[in-house]
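None of the figures in this text is laboratory data; all of them are computed from the coordinates on show. In this text, all values refer to a predicted model and were calculated from it rather than measured experimentally. Neighbour counts are summed over all protein chains in view; Cβ atoms, including those assigned to glycine, are modelled from backbone coordinates with ideal geometry.
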Amino acid sequence: MADMVFSETLQKLRKGQGVTQEQLASYLGVSPQAVSKWENGGYPDGDLLPRLADYFGVSIDYLYGRETEKVSMEQALMDRMKEIYASEEWEHPGYFEQMFHYLWAMQLGGWHGNRSYYERYLAENDQIMASMLLDSAGFSYVRLNKQLEFMMVMKEPEDGFASYFKVTDELVGLFGFLSEKANLKVLFYLLSLKGGESVRAAAVARCLKLEEKKVEKALDYLSEISSYKGFLQKGELVEYNRNESIYTIDQSKIIAVLMLLAGTDTILNQPGGYSLHVCNRGNSLLKREQLEFLQHGPGDTDR
């Protein structure tokens, strides 16, 4: 019934937020019996309505069913992005473009002196522009170029970056692998595959004009470091009573390689200017006392 909208809304809000009738009554300075009466068809005095609405974080119109419930900014943002995604059937350029608008707005929010949103300027190929926020809580970095635009946000771990990033044999092995041009070509070839596609070392070797054994060694290495359910899985193809190794790509996981390439490109091609540059960090990025290789005993050397 229409005359029960207020009562039903009040009861829903109170129970939804885990508030008792006694707690609400105490806040408003009325008796619990008064709250009970409101939830059963009665109405509070007009001067209590603003306090009641403020208590639950809604409008007075919402209490009377004349306005939809306010949602969090995060929920509203998610709902908007879902609409954009659903409007584009297969590819989603509009979705990612809007995502960058929102990310850029968050980036601008870190500039204390800025008072309004403005469109991000995308530099041409001959000029590398970027934006950076850096302080003790983490960093965000935006590459602002038409040929390659990306954003990275990283929160600093509670014990600092050095508690997570360490010099390990696995890391040394990966950088050693990537230092060979032939291995990089194999890795780029894998990026050209669709998700779920499989290849044989011989086919890759013919395409790249490389020795088959070298390609097989590279593929074996990549499948090993991917470990369980990684981006490259090694299997066997039985054909005419002959077993041959095949390698299957997981496209959703190999995007980590694109992240690595983007970071490497940022090192090799530093920005010529910053559209926004905020650095409020006073301490180092890595705590020296956490660098294990600096804690050698007398006579120890790196190997």
Note the direction-averaged projected area, equal to a quarter of the hull surface, for the Cα convex hull of the stretch 3-124, in nm². 12.2 nm²
Only Lys, Arg, Asp and Glu count, each charged at its Cβ (+1, +1, -1, -1), so figure out the dipole size of the stretch 1-157 about its Cα centre, rounded to 20 debye. 400 debye
Pairs beyond 31 Å (Cα-Cα), from LYS146/LYS214; LYS166/LYS194; LYS166/LYS234: LYS146/LYS214; LYS166/LYS194
One finds, for LEU178 and GLU88 with R0 = 45 angstrom and r their Cβ-Cβ distance, a FRET efficiency to the nearest 0.05 of 0.80
Shape call for the stretch 179-226 from the C-alpha gyration tensor, a ≥ b ≥ c root eigenvalues: rounded (a/c under 1.5), prolate (a/b greater than b/c) or oblate? rounded
Ranked by how many other beta carbons lie within 10 Å on average, peptides 259-265, 49-55 from highest: 49-55, 259-265
Hey, rough spin-label estimate for GLN127 and GLU212, points 7 angstrom out along Cα→Cβ, what's it come to in nanometres? 5.3 nm
Per the charge dipole of the chain (beta-carbon charges, Lys/Arg positive, Asp/Glu negative, Cα centre), the residue among PHE6, LEU48, PHE161 reaching farthest to the positive end is PHE161
Compute the semi-axes of the equivalent ellipsoid of the stretch 99-253, taking the square root of 5 times each eigenvalue of the Cα gyration tensor, and list them largest first in whole Å. 40, 20, 15
In terms of Cα to Cα distance under 25 Å, which lysines are near enough to LYS37, apart from those fewer than 8 places away along the same chain? LYS12, LYS15
Using only the alpha-carbon atoms, what does the chain span along each of its principal axes? Please give whole angstrom values in decreasing order. 86, 59, 47
Taking +1 at the Cβ of each Lys and Arg and -1 at the Cβ of each Asp and Glu, which of LEU133, SER223, HIS101 sits farthest along the dipole of the chain towards its positive end, judged by Cα position relative to the Cα centre? SER223
Taking the alpha-carbon distance from LYS155 and a cut-off under 20 Å, which aspartates and glutamates remain once sequence neighbours fewer than 8 residues away in the same chain are dropped? GLU74, ASP135
Could you tell me how far the Cα centroid of the stretch 228-271 sits from the Cα centroid of the stretch 92-159, in Å? 28 Å
Place a +1 charge on the Cβ of each Lys and Arg in the chain and a -1 charge on the Cβ of each Asp and Glu, then give the dipole magnitude about the Cα centre in debye, rounded to the nearest 20. 540 debye
In the chain, if the dipole is taken from +1 on Lys/Arg beta carbons and -1 on Asp/Glu beta carbons about the Cα centre, which of ALA203, TYR118, ILE246 is farthest to the positive end? ALA203
